[in-house]
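Working notes for the structure below.
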Amino acid sequence: MTAAVPLLEVSRLVKAFGGVRAVDDVSFGVAPGELVALIGPNGAGKSTCFNLINGQLLPDSGAVSLDGGSIAGLAPREIWRRGVGRTFQVAATWASMSVIENVQMALLSHHRQLYRFWPAAAPMYRDQAAALLEQVGLAGVGDRPCATLAYGDVKTVELAIALANEPRLLLMDEPTAGMAPRERGALMQLTRRLVKERGIAVLFTEHSMDVVFAHADRILVLARGQLIASGAPAAIRDDPAVREVYLGSGRLSADAPAAGATR
Ligand code: ADP
Ligand code: MG
(Lines give C-alpha, C1' and ligand atoms only; values in the text may rest on other atoms or scores of the structure.)
(Ligands and ions follow the chains in the order given, each with its own letter.)
Protein backbone atom coordinates (compact mmCIF):
# COMPACT_ATOMS: atom_id res chain seq x y z
CA MET A 1 0.00 0.00 0.00
CA THR A 2 2.76 2.45 0.92
CA ALA A 3 4.44 1.46 -2.34
CA ALA A 4 1.56 3.00 -4.31
CA VAL A 5 2.37 6.20 -6.17
CA PRO A 6 1.04 9.10 -4.10
CA LEU A 7 -1.69 11.30 -5.53
CA LEU A 8 -0.88 14.06 -3.04
CA GLU A 9 2.75 14.81 -2.37
CA VAL A 10 3.82 17.33 0.23
CA SER A 11 7.50 18.07 0.30
CA ARG A 12 9.49 20.08 2.84
CA LEU A 13 6.53 22.35 3.53
CA VAL A 14 7.19 25.39 5.72
CA LYS A 15 4.80 28.04 7.04
CA ALA A 16 5.62 30.46 9.85
CA PHE A 17 3.41 33.00 11.59
CA GLY A 18 5.72 35.61 13.03
CA GLY A 19 8.25 33.60 15.01
CA VAL A 20 6.12 30.45 15.15
CA ARG A 21 6.93 27.71 12.65
CA ALA A 22 3.41 26.32 12.41
CA VAL A 23 4.48 23.82 9.73
CA ASP A 24 8.18 23.06 9.85
CA ASP A 25 9.71 21.03 7.01
CA VAL A 26 6.85 18.54 6.62
CA SER A 27 6.88 15.88 3.89
CA PHE A 28 4.38 13.09 3.24
CA GLY A 29 2.27 11.51 0.52
CA VAL A 30 -1.25 10.11 0.24
CA ALA A 31 -2.07 7.43 -2.34
CA PRO A 32 -5.40 6.89 -4.11
CA GLY A 33 -7.75 4.86 -1.90
CA GLU A 34 -5.65 5.51 1.19
CA LEU A 35 -7.07 6.99 4.42
CA VAL A 36 -4.40 8.94 6.25
CA ALA A 37 -5.01 10.55 9.64
CA LEU A 38 -3.13 13.70 10.60
CA ILE A 39 -3.02 13.89 14.38
CA GLY A 40 -1.20 15.90 17.01
CA PRO A 41 -1.85 18.05 20.06
CA ASN A 42 -3.56 21.42 19.82
CA GLY A 43 -1.43 23.91 17.92
CA ALA A 44 0.64 21.15 16.26
CA GLY A 45 -0.02 22.59 12.81
CA LYS A 46 -2.78 20.32 11.46
CA SER A 47 -5.12 23.07 10.27
CA THR A 48 -2.23 25.05 8.81
CA CYS A 49 -1.19 21.95 6.89
CA PHE A 50 -4.72 21.52 5.51
CA ASN A 51 -4.90 25.17 4.54
CA LEU A 52 -1.58 24.99 2.70
CA ILE A 53 -2.92 22.05 0.69
CA ASN A 54 -6.33 23.57 -0.13
CA GLY A 55 -4.92 26.96 -1.07
CA GLN A 56 -6.22 29.02 1.85
CA LEU A 57 -2.60 29.69 2.81
CA LEU A 58 0.55 30.25 0.76
CA PRO A 59 3.59 28.19 1.87
CA ASP A 60 6.81 30.03 2.75
CA SER A 61 8.67 27.22 1.02
CA GLY A 62 8.22 23.64 -0.02
CA ALA A 63 6.07 21.92 -2.61
CA VAL A 64 2.55 20.54 -2.83
CA SER A 65 1.69 18.45 -5.85
CA LEU A 66 -1.39 16.60 -7.01
CA ASP A 67 -0.84 13.79 -9.47
CA GLY A 68 2.57 15.23 -10.27
CA GLY A 69 1.39 18.80 -10.93
CA SER A 70 2.25 21.61 -8.52
CA ILE A 71 -0.76 23.15 -6.76
CA ALA A 72 1.02 25.28 -4.15
CA GLY A 73 0.06 28.92 -4.53
CA LEU A 74 -2.99 28.28 -6.71
CA ALA A 75 -6.30 29.86 -5.71
CA PRO A 76 -8.55 27.63 -3.55
CA ARG A 77 -11.16 27.42 -6.30
CA GLU A 78 -8.57 26.24 -8.83
CA ILE A 79 -7.31 23.61 -6.40
CA TRP A 80 -10.92 22.49 -5.85
CA ARG A 81 -11.41 22.34 -9.61
CA ARG A 82 -8.43 20.01 -9.89
CA GLY A 83 -10.08 17.55 -7.55
CA VAL A 84 -9.26 18.53 -3.98
CA GLY A 85 -12.51 18.36 -2.05
CA ARG A 86 -13.33 18.94 1.58
CA THR A 87 -16.25 18.29 3.83
CA PHE A 88 -18.16 21.39 4.81
CA GLN A 89 -20.80 21.71 7.45
CA VAL A 90 -24.19 21.92 5.76
CA ALA A 91 -24.75 25.69 5.77
CA ALA A 92 -27.53 26.93 7.99
CA THR A 93 -29.23 28.52 4.98
CA TRP A 94 -29.56 25.10 3.39
CA ALA A 95 -31.20 23.55 6.41
CA SER A 96 -34.66 24.33 5.04
CA MET A 97 -33.88 22.57 1.75
CA SER A 98 -34.58 18.89 1.46
CA VAL A 99 -31.77 16.38 1.72
CA ILE A 100 -31.95 15.50 -1.97
CA GLU A 101 -32.01 19.18 -2.99
CA ASN A 102 -28.78 19.74 -1.05
CA VAL A 103 -27.10 16.95 -2.98
CA GLN A 104 -28.59 18.20 -6.28
CA MET A 105 -27.12 21.65 -5.59
CA ALA A 106 -23.70 20.11 -5.09
CA LEU A 107 -24.00 18.11 -8.33
CA LEU A 108 -25.19 21.19 -10.19
CA SER A 109 -22.30 23.30 -8.97
CA HIS A 110 -19.83 20.54 -9.84
CA HIS A 111 -21.18 20.09 -13.37
CA ARG A 112 -21.58 23.81 -14.03
CA GLN A 113 -17.91 24.13 -13.34
CA LEU A 114 -17.09 21.37 -15.79
CA TYR A 115 -19.59 22.33 -18.48
CA ARG A 116 -20.00 26.03 -17.99
CA PHE A 117 -20.44 26.66 -21.72
CA TRP A 118 -23.15 24.08 -22.01
CA PRO A 119 -26.15 25.43 -20.11
CA ALA A 120 -28.32 22.61 -21.43
CA ALA A 121 -26.38 20.40 -19.04
CA ALA A 122 -28.17 21.97 -16.11
CA PRO A 123 -30.94 19.49 -15.41
CA MET A 124 -31.61 18.92 -11.78
CA TYR A 125 -29.50 15.78 -11.39
CA ARG A 126 -32.25 14.22 -9.35
CA ASP A 127 -31.43 10.65 -10.36
CA GLN A 128 -27.75 11.05 -9.60
CA ALA A 129 -28.58 12.66 -6.24
CA ALA A 130 -30.93 9.80 -5.40
CA ALA A 131 -28.23 7.28 -6.34
CA LEU A 132 -25.71 9.02 -4.09
CA LEU A 133 -28.16 9.09 -1.19
CA GLU A 134 -28.80 5.40 -1.72
CA GLN A 135 -25.04 4.76 -1.55
CA VAL A 136 -24.72 6.55 1.79
CA GLY A 137 -27.80 4.81 3.18
CA LEU A 138 -30.10 7.83 3.22
CA ALA A 139 -32.49 6.87 0.42
CA GLY A 140 -35.44 7.02 2.79
CA VAL A 141 -34.98 10.63 3.91
CA GLY A 142 -34.35 12.40 0.59
CA ASP A 143 -37.47 14.54 0.75
CA ARG A 144 -37.09 15.64 4.35
CA PRO A 145 -35.74 19.10 5.17
CA CYS A 146 -32.14 18.80 6.35
CA ALA A 147 -33.13 20.63 9.52
CA THR A 148 -35.24 17.66 10.64
CA LEU A 149 -32.44 15.10 10.36
CA ALA A 150 -30.62 13.52 13.27
CA TYR A 151 -27.14 14.98 13.70
CA GLY A 152 -25.41 11.82 12.49
CA ASP A 153 -27.47 11.86 9.30
CA VAL A 154 -26.52 15.50 8.65
CA LYS A 155 -22.86 14.47 8.82
CA THR A 156 -23.64 11.72 6.31
CA VAL A 157 -25.29 14.28 3.98
CA GLU A 158 -22.07 16.29 4.21
CA LEU A 159 -20.20 13.23 2.98
CA ALA A 160 -22.64 12.77 0.07
CA ILE A 161 -22.19 16.45 -0.86
CA ALA A 162 -18.41 16.08 -0.81
CA LEU A 163 -18.63 12.97 -3.02
CA ALA A 164 -20.93 14.79 -5.47
CA ASN A 165 -17.91 16.86 -6.45
CA GLU A 166 -16.02 13.69 -7.43
CA PRO A 167 -12.85 14.63 -5.55
CA ARG A 168 -9.59 12.78 -6.15
CA LEU A 169 -8.31 13.94 -2.76
CA LEU A 170 -10.72 14.55 0.10
CA LEU A 171 -9.68 16.67 3.10
CA MET A 172 -11.85 15.95 6.13
CA ASP A 173 -11.52 18.10 9.20
CA GLU A 174 -12.90 16.13 12.13
CA PRO A 175 -15.65 14.45 10.12
CA THR A 176 -17.21 12.85 13.20
CA ALA A 177 -17.00 15.81 15.61
CA GLY A 178 -19.93 15.89 17.99
CA MET A 179 -21.20 12.43 17.11
CA ALA A 180 -21.93 9.59 19.52
CA PRO A 181 -19.22 6.88 19.51
CA ARG A 182 -21.35 4.27 17.74
CA GLU A 183 -22.41 6.69 15.00
CA ARG A 184 -18.78 7.72 14.53
CA GLY A 185 -17.67 4.19 13.77
CA ALA A 186 -20.52 3.75 11.29
CA LEU A 187 -19.76 6.99 9.44
CA MET A 188 -16.05 6.22 9.19
CA GLN A 189 -16.77 2.71 7.98
CA LEU A 190 -19.07 4.11 5.31
CA THR A 191 -16.45 6.70 4.33
CA ARG A 192 -13.84 3.96 4.13
CA ARG A 193 -15.96 1.77 1.88
CA LEU A 194 -16.94 4.59 -0.49
CA VAL A 195 -13.48 6.12 -0.87
CA LYS A 196 -11.89 2.68 -1.40
CA GLU A 197 -14.46 1.91 -4.11
CA ARG A 198 -13.75 5.20 -5.82
CA GLY A 199 -9.99 5.28 -5.23
CA ILE A 200 -10.21 8.62 -3.45
CA ALA A 201 -7.23 9.67 -1.33
CA VAL A 202 -8.30 10.91 2.12
CA LEU A 203 -6.45 13.07 4.62
CA PHE A 204 -8.38 13.63 7.83
CA THR A 205 -7.88 15.19 11.24
CA GLU A 206 -9.67 13.70 14.17
CA HIS A 207 -9.46 14.12 17.90
CA SER A 208 -11.04 10.80 18.71
CA MET A 209 -8.23 8.28 19.02
CA ASP A 210 -10.61 5.33 18.70
CA VAL A 211 -11.71 6.59 15.27
CA VAL A 212 -8.12 7.19 14.20
CA PHE A 213 -6.80 3.81 15.25
CA ALA A 214 -9.78 1.87 13.93
CA HIS A 215 -10.13 3.53 10.53
CA ALA A 216 -6.85 5.04 9.32
CA ASP A 217 -4.56 3.08 7.00
CA ARG A 218 -1.70 5.28 8.12
CA ILE A 219 -1.20 7.92 10.78
CA LEU A 220 0.96 11.05 10.60
CA VAL A 221 1.84 12.65 13.92
CA LEU A 222 2.63 16.35 14.10
CA ALA A 223 4.14 18.08 17.12
CA ARG A 224 5.13 21.75 17.10
CA GLY A 225 4.94 21.84 13.33
CA GLN A 226 7.16 18.82 12.79
CA LEU A 227 6.27 15.36 11.63
CA ILE A 228 7.51 13.15 14.45
CA ALA A 229 6.09 9.82 13.27
CA SER A 230 4.37 8.21 10.31
CA GLY A 231 3.19 4.64 10.03
CA ALA A 232 0.50 2.03 10.48
CA PRO A 233 -1.74 2.40 13.56
CA ALA A 234 -0.04 -0.44 15.47
CA ALA A 235 3.41 1.09 14.97
CA ILE A 236 2.23 4.56 15.95
CA ARG A 237 0.55 3.27 19.08
CA ASP A 238 3.86 1.83 20.28
CA ASP A 239 6.06 4.71 19.15
CA PRO A 240 7.81 6.18 22.21
CA ALA A 241 8.02 9.69 20.72
CA VAL A 242 4.29 9.70 20.05
CA ARG A 243 3.47 8.47 23.55
CA GLU A 244 5.72 11.16 24.93
CA VAL A 245 3.90 13.91 23.02
CA TYR A 246 0.43 12.65 23.84
CA LEU A 247 0.54 11.28 27.31
CA GLY A 248 3.95 11.95 28.76
CA SER A 249 4.02 8.23 29.50
CA GLY A 250 1.93 5.12 29.14
CA ARG A 251 0.11 3.71 26.19
CA LEU A 252 -1.85 5.66 23.62
CA SER A 253 -5.36 4.57 24.46
CA ALA A 254 -7.69 3.61 21.67
CA ASP A 255 -10.67 4.69 23.76
CA ALA A 256 -9.79 7.95 25.41
CA PRO A 257 -9.09 11.12 23.45
CA ALA A 258 -5.50 12.02 24.19
CA ALA A 259 -4.79 14.80 26.63
CA GLY A 260 -4.43 18.05 24.75
CA ALA A 261 -5.86 16.59 21.57
CA THR A 262 -7.55 19.11 19.36
CA ARG A 263 -11.30 19.67 19.44
P1 ADP B 1 -3.75 22.63 15.00
O2 ADP B 1 -4.75 22.66 13.90
O3 ADP B 1 -2.89 21.40 14.99
O4 ADP B 1 -4.37 22.82 16.33
P5 ADP B 1 -2.80 25.11 13.85
O6 ADP B 1 -2.34 24.77 12.49
O7 ADP B 1 -4.12 25.73 13.97
O8 ADP B 1 -2.69 23.83 14.79
O9 ADP B 1 -1.75 26.09 14.53
C10 ADP B 1 -0.33 25.85 14.53
C11 ADP B 1 0.38 27.03 15.15
O12 ADP B 1 0.27 28.15 14.30
C13 ADP B 1 -0.18 27.47 16.50
O14 ADP B 1 0.87 27.91 17.28
C15 ADP B 1 -1.10 28.60 16.12
O16 ADP B 1 -1.23 29.51 17.19
C17 ADP B 1 -0.37 29.24 14.95
N18 ADP B 1 -1.28 29.85 13.97
C19 ADP B 1 -2.17 29.20 13.21
N20 ADP B 1 -2.81 30.05 12.38
C21 ADP B 1 -2.32 31.28 12.64
C22 ADP B 1 -2.55 32.59 12.10
N23 ADP B 1 -3.45 32.79 11.13
N24 ADP B 1 -1.84 33.61 12.62
C25 ADP B 1 -0.93 33.41 13.57
N26 ADP B 1 -0.64 32.21 14.11
C27 ADP B 1 -1.32 31.16 13.66
MG1 MG C 1 -6.82 22.85 14.01
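The values are calculated or read from the model by the stated rules, or taken from the named source; none is laboratory data. These numbers come from a predicted model, not from an experiment. Using ideal geometry, Cβ is built from the backbone for each residue, glycine included, and neighbour counts are taken over all protein chains shown.
Pull up region 181-207, narrow it to residues that are in a loop (DSSP other than H, G, I, E, B) and modelled with pLDDT of 90 or more, then point me to the one that is farthest from ligand 2 (Cβ to nearest atom).
Narrowing region 181-207 to residues in a loop (DSSP other than H, G, I, E, B): 199-200, 206-207.
Next, from what is left, pick out any that are modelled with pLDDT of 90 or more: 199-200.
Details: 199: 27, 200: 22 Å.
Going through the qualifying residues, I end up with 199.
When region 23-54 is examined, which residues are found to be more than 24 Å from residue 195 (Cβ to Cβ) and surrounded by fewer than 23 Cβ atoms within 10 Å (Cβ to Cβ)?
24, 25, 41, 42, 43
Would you confirm whether any residue within region 230-248 is out of contact with any Phe, Trp or Tyr (no Cβ under 7 Å at 6 or more places or on another chain), on the phi < 0 side of the Ramachandran plot and among the polar types (S, T, N, Q)?
Within region 230-248, none of the residues are out of contact with any Phe, Trp or Tyr (no Cβ under 7 Å at 6 or more places or on another chain), on the phi < 0 side of the Ramachandran plot and among the polar types (S, T, N, Q).
Among 99, 90, 84, 103, which is the only one that is under 30 Å from residue 178 (Cβ atoms) and at pLDDT 95 or above? It would help to see each step written out before you state the result.
Details: 99 fails: at pLDDT 95 or above; 90 fails: at pLDDT 95 or above; 103 fails: at pLDDT 95 or above.
Going through 99, 90, 84, 103 in turn, just one is under 30 Å from residue 178 (Cβ atoms) and at pLDDT 95 or above: 84.
Which residues, taken from region 55-67, are more than 16 Å from ligand 2 (Cβ to nearest atom) and either under 30 Å from residue 244 (Cα atoms) or part of a loop (DSSP other than H, G, I, E, B) (or both)?
Going through region 55-67, the residues more than 16 Å from ligand 2 (Cβ to nearest atom) turn out to be 55, 58-67.
Of everything in region 55-67, those that are more than 16 Å from ligand 2 (Cβ to nearest atom) and either under 30 Å from residue 244 (Cα atoms) or part of a loop (DSSP other than H, G, I, E, B) (or both) turn out to be 55, 58, 59, 60, 61, 62, 63, 64, 67.
Does region 68-80 include one or more residues that are buried (at least 20 other Cβ atoms within 10 Å of the Cβ), more than 27 Å from residue 243 (Cα to Cα) and within 16 Å of ligand 1 (Cβ to nearest atom)?
No.
Please note which strands (runs of 3 or more DSSP E) are completely contained in region 7-47 and include at least 3 residues that are farther than 14 Å from residue 168 by Cβ and within 10 Å of ligand 1 (Cβ to nearest atom).
Details: elements: 8-17, 20-30, 35-39.
Ranges flagged: 8-17, 20-30.
Sort out which residues of region 185-195 are out of contact with any strand residue (DSSP E or B) (no Cβ under 8 Å at 6 or more places or on another chain) and more than 14 Å from residue 87 (Cβ to Cβ), and write them in order of number. Spell out the reasoning first.
Step one: of region 185-195, the residues out of contact with any strand residue (DSSP E or B) (no Cβ under 8 Å at 6 or more places or on another chain) are 185-190, 193-194.
Hits for region 185-195 are 185, 186, 189, 193.
Any residue in region 68-86 that is within 16 Å of ligand 2 (Cβ to nearest atom) and not hydroxyl-bearing (Ser, Thr, Tyr)? Don't jump to the end; show me each part of the working.
Let us first name the residues in region 68-86 that are within 16 Å of ligand 2 (Cβ to nearest atom), namely 86.
Cutting the leftovers down to not hydroxyl-bearing (Ser, Thr, Tyr) gives us 86.
Within region 68-86, one or more residues are within 16 Å of ligand 2 (Cβ to nearest atom) and not hydroxyl-bearing (Ser, Thr, Tyr).
Would you mind finding the one in 162, 147 that is over 30 Å from residue 48 (Cα atoms) and assigned to a helix (DSSP H, G or I)? Outline the logic, then answer.
Numbers: 162 fails: over 30 Å from residue 48 (Cα atoms).
Just a single option satisfies the conditions, and that option is 147.
Scan region 48-67 for residues that are under 11 Å from residue 9 (Cα atoms) and within 16 Å of ligand 1 (Cβ to nearest atom) and report the count. Full working, then the answer.
If we filter region 48-67 for residues that are under 11 Å from residue 9 (Cα atoms), which is where we start, we get 53, 62-67.
Keeping just the survivors that are within 16 Å of ligand 1 (Cβ to nearest atom) gives 53, 62, 64.
Here the count works out to 3.
Could you tell me whether region 219-241 includes any residue that is part of a helix (DSSP H, G or I), over 26 Å from residue 84 (Cβ atoms), away from ligand 1 (no atom under 16 Å from the Cβ) and in contact (Cβ under 8 Å) with a residue 24 or more places away in the chain? Spell out the reasoning first.
Of the residues in region 219-241, the ones part of a helix (DSSP H, G or I) are 233-237, 240-241.
Checking which are over 26 Å from residue 84 (Cβ atoms) leaves us with 234-235, 237, 240-241.
Now restrict to residues that are away from ligand 1 (no atom under 16 Å from the Cβ): 234-235, 237, 240-241.
Those left that are additionally in contact (Cβ under 8 Å) with a residue 24 or more places away in the chain: 237.
Scanning region 219-241, I find at least one residue that is part of a helix (DSSP H, G or I), over 26 Å from residue 84 (Cβ atoms), away from ligand 1 (no atom under 16 Å from the Cβ) and in contact (Cβ under 8 Å) with a residue 24 or more places away in the chain, so the answer is yes.
Among the residues of region 11-20, is there at least one that is aromatic (Phe, Trp, Tyr) and more than 18 Å from the chain's Cα centre (by Cα)? First the steps, then the outcome.
Narrowing region 11-20 to residues aromatic (Phe, Trp, Tyr): 17.
Next, from what is left, pick out any that are more than 18 Å from the chain's Cα centre (by Cα): 17.
Scanning region 11-20, I find at least one residue that is aromatic (Phe, Trp, Tyr) and more than 18 Å from the chain's Cα centre (by Cα), so the answer is yes.
Any idea which of 52, 38, 132 is within 16 Å of ligand 2 (Cβ to nearest atom), touching a helix residue (DSSP H, G or I) at 6+ places or on another chain (Cβ under 7 Å) and at pLDDT 90 or above?
38
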